[in-house]
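See below for the structure under consideration.
The values are calculated or read from the model by the stated rules, or taken from the named source; none is laboratory data. Keep in mind the model is a prediction, meaning the values are calculated, not measured. Here Cβ is always computed from backbone atoms with ideal geometry, including for glycine, and neighbour counts include all displayed protein chains. What goes into the accessible areas is simple: the full protein's heavy atoms, side chains included, and nothing from ligands, DNA or RNA. Shrake-Rupley method; radii C 1.70, N 1.55, O 1.52, S 1.80 Å.
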Amino acid sequence: MRRVTDANRVHGFMRRLGQRAETGGRVYFTGGATALLMGWRSTTIDIDLTLGADAQHLLRLVPALKEELEINVELAALSDFIPELPGWRDRSRFIQREGVVDFFHYDLYAQALSKVERGHAQDLTDVQAMLTRELIDAGTARELFARIEPDLYRYPAVNPATFRGEVDRVFARR
């Protein structure tokens, strides 16, 4: 069993991946890694990430890094769970560059809506932290949900009415 991950371990992963990468690309953190680096959580079980189309080659480096650093790394494409939000790339926040690799926080609105859809206690706590820290705006979250709502039929595991109800509840007018 691997140890829990903190912000220093995420930074170590970034540094090592950047040192070993021969060609660049974009790596997007989601979930706990974002929570650690933005400061509202102190630990997480794993580093969830999505690789940009230009960074698929970096995946070959991950198994060795997982062993060396004794961390869990999971691929977590939010578009596997909910429709891609329009403009997500523009809203993805740059973290830093290590070597030739650029690291970003995947769009916080996409992260928040995905967490609302899952509905786990830690996910909802994360969404509240994003709102409290004014990293996301409830009105914008509702607007972005409305933009993807017509495409929810492509996600059979998602109950659109239940998802809508949770979005309305979590992002109630503030």
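How many residues, within segment 98-132, are of a type outside the set (G, A, S) and more than 17 Å from T30 (Cα to Cα)?
Count: 3.
Is segment 22-38 home to any residue that is of a type in the set (A, V, I, L, M, F, W, C) and at pLDDT below 95?
The first filter runs over segment 22-38 and keeps only residues of a type in the set (A, V, I, L, M, F, W, C), leaving 27, 29, 33, 35-38.
Applying the additional criterion that residues be at pLDDT below 95 yields none.
No, segment 22-38 contains no residue that is of a type in the set (A, V, I, L, M, F, W, C) and at pLDDT below 95.
Of the conditions (1) within 12 Å of V101 (Cα to Cα); (2) touching a Gly at 6+ places or on another chain (Cβ under 6 Å), T44 fails just one. Which one is it?
For T44, the failing item is (1).
Which condition does R3 not pass, out of (1) surrounded by fewer than 19 Cβ atoms within 10 Å (Cβ to Cβ); (2) modelled with pLDDT of 95 or more, if it passes all the others?
(2)
Just the residues that are outside any strand (DSSP E or B), open to solvent by 30 Å² or more (accessible area, probe 1.4 Å) and either of a type outside the set (K, R) or in contact with a strand residue (DSSP E or B) (Cβ under 7 Å, 6 or more places away or on another chain) (or both), please, taken from segment 81-107.
F81, E84, P86, G87, D90, G99, V100
Could you check V10 against (1) over 16 Å from the mean Cα position of the chain (by Cα); (2) under 23 Å from T132 (Cβ atoms) and say which number it fails?
(1)
Tell me, which residue of segment 121-170 that is part of a loop (DSSP other than H, G, I, E, B), open to solvent by less than 80 Å² (accessible area, probe 1.4 Å) and of a type in the set (A, V, I, L, M, F, W, C) is nearest to L37 (Cα to Cα)?
Among those that are part of a loop (DSSP other than H, G, I, E, B), open to solvent by less than 80 Å² (accessible area, probe 1.4 Å) and of a type in the set (A, V, I, L, M, F, W, C), it is L135.
When you go through T44, T34, T23 one by one, which is the residue that is closer than 30 Å to Y153 by Cβ and of a type in the set (S, T, N, Q)?
T34 is the lone residue from the list that is closer than 30 Å to Y153 by Cβ and of a type in the set (S, T, N, Q).
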